[in-house]
Structure formats: structure tokens, C-alpha cells
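Reviewing the structure listed below.
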Amino acid sequence: MPEQLWFTKLLNQLFAGPITALLHALHIQPQYPQAPITNAVAMEVLVVGLLLLFFLVVRSRLSVESPGGIQHIFESFQGFIEGESQSIIGHGSEQFTPILAVLFLFILIGNLFGVVPGLESPTASPVVPLGLALFTFAYYQLQGLRHHGVKYLKQFLGPVWWLSPLMIPLEIISHLARLLSLTIRLYANMFAGDLVTLVFLSLIPIFIPVIFLGLHIFVALLQAYIFVLLAMVYLAGALAEEH
């Protein structure tokens, strides 16, 4: 059995029985029935829990007359996401601000877990970046279909009908490459960041690893921004009026 983080062990102690029974009902055989929850899944649950707590705190302190520091920070963050999406997607981009903001926060908090003792970045496990990439892929495709209807599929046919046999596989490969790019970029950077931080913390005096912790935090922020920025670019392409 792989080593479990303290939070993973807690979740398995509480929910291993029901989750294993559910998996068996779905004809899925867990590798470790006594511990079906992996570290990556446990860290995702923790990220979601922290986000819900954060949103509840912000909501409880909302004030028009005397906004507090947390409200100012959140409003600035929302304004930043809204401004970026407006510059890339254009008119109507404000409808995507909530989902893009939550996506950014989920990735950022997950990335930062790598610098917290007793935790690890869920994004350093390939299944989590793949899940985020699949969600982003499905979301922008659905938004394109919703905006253009069936005409959205014409982008896969190419500019002229006689090029369709060539363009259809090329377009499909192009879109699947986005999925691969989102997954590998986030996974590789966070896996390497976690590994480098762990190595230097275990081998070198404390004042030197602090530099790498700062670098890890910067990379965590940068990768969250790049992921959401690419999501905006893909949304802009799906909503473009050329379809």
C-alpha cells in the first residue's frame, strides 16, 4: 500500500467502507479496498473544502458601506479575471468570470499545497491535471455549440468542402493536442517543483531552501495563470464569429 498523507488516512478511516462498496456496485475493483482514496483525491477534497470555506467567509462579510480587506482582495481578483477575459474573449466574457475564477483558485491552492508540510500538490499527480484539462476541453466545446449551434462543427470541415477529408482529422488532432498540452504543462511543472523543493529541503540548510520555496510559489501562481489564460484563448476561439 502506498504511503498515505494524514488527511488521506483520515478520509479512508471515515469513508473507506462506503466508497469501496460503491465502487464494487459500479463493478470497479479498487487496488486497495481498505484505502480506496488516494492522496491526489484527498488533496482535491481538501482544496474544495478550503474554497467553500473561503467563499462562505467572503459572503458573510460582504458589505457595500464598509467592505473589509478580504472583500477588497476578492473584488480585485475578480476584476483581474474579468479584465483578462474581456481583453481575450471580448463582449459577453463576464458570464465566464465565475468559472474561470474558481478554476484559477482551485489550481493555485492545489499547487501551493506542495510547500505545506504534510500535504502534497494534487496537480503533481497526472490524473488531476488531466481531469482539469478534460473539464476545460468539454466546457469550451459546449460553449461553442451553445453559441453557434450546429454551425460550430463547420470549423472542423475547413474553408472549402473539398478539403474536408484532410481538415477533419487535422482539426481533431489540433483540439486533442490542446488537451495534452494543458495536462503535461501543469503536471510536469508541479511535479518537478515538488521534487526540487523536497530534495533541497532534505539536503541543504534552511536559508537556501527558502529561495526554492519562493520559486515554487511563483511557479504555482504562474501555472495557474497560464492554465486559465489558455482556457480563455480556447473559449475565444470557440465563440469567434467566423464559425
Fill in the blank from the handout: Here the residues within the stretch 230-243 that are at pLDDT 90 or above and surrounded by 15 or more Cβ atoms within 10 Å (Cβ to Cβ) are Leu230, Ala231, Met232, Tyr234, Leu235, Ala236, Gly237, Ala238, Leu239
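Does Val64 fit the bill of being among the β-branched types (Val, Ile, Thr) and either in a helix (DSSP H, G or I) or in contact with a strand residue (DSSP E or B) (Cβ under 6 Å, 6 or more places away or on another chain) (or both)?
Considered against the rule, which asks whether it is among the β-branched types (Val, Ile, Thr) and either in a helix (DSSP H, G or I) or in contact with a strand residue (DSSP E or B) (Cβ under 6 Å, 6 or more places away or on another chain) (or both), Val64 comes out as no.
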Completion exercise
Exception for Ile99 within (1) under 30 Å from Val199 (Cα atoms); (2) out of contact with any helix residue (DSSP H, G or I) (no Cβ under 6 Å at 6 or more places or on another chain) falls at (1)
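Let's see how each residue does on (1) in a helix (DSSP H, G or I); (2) surrounded by 14 or more Cβ atoms within 10 Å (Cβ to Cβ):
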| position | (1), (2) |
| --- | --- |
| Ile28 | no, no |
| Pro33 | no, yes |
| Ala42 | yes, yes |
| Val47 | yes, yes |
| Val58 | yes, yes |
| Ile70 | yes, yes |
Practice task
Count, please, the residues in the stretch 149-193 that happen to be more than 26 Å from the chain's Cα centre (by Cα), at negative phi, in a helix (DSSP H, G or I) and of a type outside the set (S, T, N, Q).
Solution key: 15
Practice task
Could you list, in sequence order, all residues of the stretch 132-157 that are over 27 Å from Ala220 (Cβ atoms) and either among the aliphatic types (A, V, I, L, M) or crowded, with 21+ Cβ neighbours inside 10 Å (or both)?
Solution key: Leu142, Gly144, Leu145, Val150, Leu153, Leu157
Handout entry: Members of the stretch 116-130 that are surrounded by fewer than 20 Cβ atoms within 10 Å (Cβ to Cβ) and either touching a Ser or Thr at 6+ places or on another chain (Cβ under 9 Å) or not assigned by TED's automatic domain parsing to the domain that holds Val233 (or both)
Key = Pro126, Val127, Leu130
Handout entry: Ile107 vs. criteria closer than 17 Å to Asn189 by Cα and either outside the structural domain of Met232 (by TED's automatic domain parsing) or part of a helix (DSSP H, G or I) (or both)
Key = yes
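To keep it simple, each residue is scored yes or no on (1) within 20 Å of Ala236 (Cβ to Cβ); (2) at pLDDT 75 or above.
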position: Phe156; (1), (2): yes, yes
position: Pro165; (1), (2): no, yes
position: Leu170; (1), (2): no, yes
position: Ser181; (1), (2): yes, yes
position: Ile184; (1), (2): no, yes
position: Gly193; (1), (2): no, yes
position: Val210; (1), (2): no, no
Handout entry: Test for Ser66: is it more than 18 Å from the chain's Cα centre (by Cα), among the hydroxyl-bearing types (Ser, Thr, Tyr), surrounded by fewer than 17 Cβ atoms within 10 Å (Cβ to Cβ) and at pLDDT 90 or above
Key = no
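Residues are listed down the side, and each one gets a yes or a no for (1) touching a Gly at 6+ places or on another chain (Cβ under 9 Å); (2) at pLDDT 95 or above; (3) of a type in the set (Ser, Thr, Tyr); (4) within 21 Å of Val47 (Cβ to Cβ):
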{"position": "Leu105", "(1), (2), (3), (4)": "no, yes, no, yes"}
{"position": "Leu108", "(1), (2), (3), (4)": "no, yes, no, yes"}
{"position": "Pro122", "(1), (2), (3), (4)": "yes, yes, no, yes"}
{"position": "Tyr140", "(1), (2), (3), (4)": "yes, yes, yes, no"}
{"position": "Arg146", "(1), (2), (3), (4)": "no, no, no, no"}
{"position": "Lys151", "(1), (2), (3), (4)": "no, no, no, no"}
Completion exercise
Exactly one of Pro122, Pro129 is touching a Lys or Arg at 6+ places or on another chain (Cβ under 9 Å), within 30 Å of His216 (Cα to Cα), in contact (Cβ under 8 Å) with a residue 40 or more places away in the chain and not acidic (Asp, Glu), and that one is Pro129
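The values are calculated or read from the model by the stated rules, or taken from the named source; none is laboratory data. As the structure is a prediction and not an experimental result, all values here were calculated from the model. Positions of Cβ are backbone-derived with ideal geometry, glycine not excepted, and every protein chain shown enters the neighbour counts.
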